[in-house]
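Below is one structure; the comments refer to it alone.
Only the coordinates and a few stated rules stand behind these numbers; no lab work does. The model shown is predicted, which means the values in this text are computed figures rather than measured ones. Positions of Cβ are backbone-derived with ideal geometry, glycine not excepted, and every protein chain shown enters the neighbour counts.
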Amino acid sequence: GFGAAYHLAGQDYDVTLLDAAKNVGGLSQGYRRDGKYAMEAGMKGFWYQYPNIFNLVKDLGIENPFTDWTESNFYTPEGLLTEGPVFQNQPRLPSMLGQAAYTFPLFNTGPASPLSPVDLASMLTLLPAMLSFNADPETYEQYDEMSAKELFRRSGVTRALYENFLKPLLLVGLFAPPEELSAASVLETLYFYAAAHQFDFDMCWCRGTVREKLFDPLCDQIAQRGGKILGGRAVTDVLRSPSDGRVTAVIARELETGELVEFDADEVVFAVGINALQKITRSSRGLSELEEFRKVLNLSSIDCVCARIWLKTRVECDKPANVLGNFEENCGAT
């Protein structure tokens, strides 16, 4: 939403951005407690294939906001299971061959590990599905109707690999267990983040809070371009013309006063989560008349908990990014 506002305001459109939160920005809203403790939901990594973000940072003139590309560790109750290398530091090989060549040797398959070399090799049984799932709309629909758990079972992935690596990975990456995820969405995610190109899994981090380093400068630029950012306004309705169905206005409730305010509009860009969009659709006659919005009411959503703990002394970690799996049932953490 903020990216759209930044771009459209730069094209001389009259842009108004409405956010239900008083401190705008969704997961990037953040704040400082007692003036010094940075509070922000989660730790947000920036993947190699986020050129839109990197180009935006360049446009905003923000100097050196990111760390170098970092390695990562994957831990289970048995200890270190595997490491994630920086692929750009390795000779480039054909896609998927490079990923396999540089990650398989890093897996712990020793006597104390929950994985054996056979378990690890069973990951290769997913290749046929990876190569064919989006061959045509009919094939994609078949995978979309299948759960990721069923995909792993049919492909021949061993139970040990599923329970100790794939399932925890999806709990962290997609915030849901495999039986609740479609096979198509999982394959699409694996392709985008890991399989399409050797460098895709490389990640860097913000030097400080995303709010202060990236988001505040973005909001300042939107304002300088003439865009208006209004927090504490919850959208309740979208009005449409009875003659041609086009958007005419947006109704929002000011949370402090409860007053309903009408904003004239020619177009609306929704950049909200499923819960918020369902809530808006239920309260909006203009949207609930449209089939594509009514279908949104059938979607499920998830809850994600973020906890930030401040320690009195600095704790050195082997790697700056770590994934934890199987410490609690159906729960993953980073």
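Structural remarks
- Set of lysines with alpha-carbon distance to residue 58 below 21 Å, sequence-local pairs under 8 removed: 44, 213
- Charged neighbours of residue 260, selected by a Cβ distance under 11 Å, balance to -2 (K, R count +1; D, E count -1).
- Cα lying deepest toward the dipole's positive end in the chain, options 272, 21, 113, charges on Cβ: 113
- Rounded to the nearest 20, the Cβ-based charge dipole of segment 159-214 about its Cα centre (Lys and Arg +1, Asp and Glu -1) stands at 240 debye.
- For the chain, the equivalent ellipsoid derived from the alpha-carbon gyration tensor has semi-axes of 39, 26, 19 Å in decreasing order.
- When only alpha carbons are used to place a centre, segment 216-282 and segment 75-138 end up 44 Å from one another.
- A simple rule links phi to the HN-Hα coupling: the Karplus curve 6.51 cos²θ - 1.76 cosθ + 1.60 with θ = phi - 60°, which for segment 319-330 gives 10, x, 10, 9, 10, 10, x, 6, 7, 9, 5, 6 Hz, with x for Gly and Pro.
- Close amide-amide hydrogen proximity is noted between residue 240 and 248, each under 5 Å apart and 5 or more residues distant or on a separate chain (H modeled in the peptide plane; Pro and chain starts excluded).
- Using equal-weight Cα scatterers in the Debye expression, the normalised intensity of segment 232-300 in log10 at q = 0.21 Å⁻¹ is -0.91.
- Per-residue [θ]222 nm for the chain (sum of -39500 (n - 2.57) over DSSP H runs n ≥ 4, rounded to 500): -7500 deg cm²/dmol
- For segment 288-324, GluC sites (Glu not before Pro) meeting the loop criterion (DSSP other than H, G, I, E, B) and having at most 13 other Cβ atoms within 10 Å: 289, 316.
- Cα centroid separation, segment 171-190 to segment 155-170 (Å): 12
- Taking the Cα centre of the chain as origin and assigning +1 to Lys and Arg Cβ atoms and -1 to Asp and Glu Cβ atoms, the resulting dipole is close to 800 debye.
- Put a plus charge on the Cβ of each Lys and Arg, a minus charge on the Cβ of each Asp and Glu, and nothing anywhere else: the dipole of segment 232-300 about its Cα centre is then about 380 debye.
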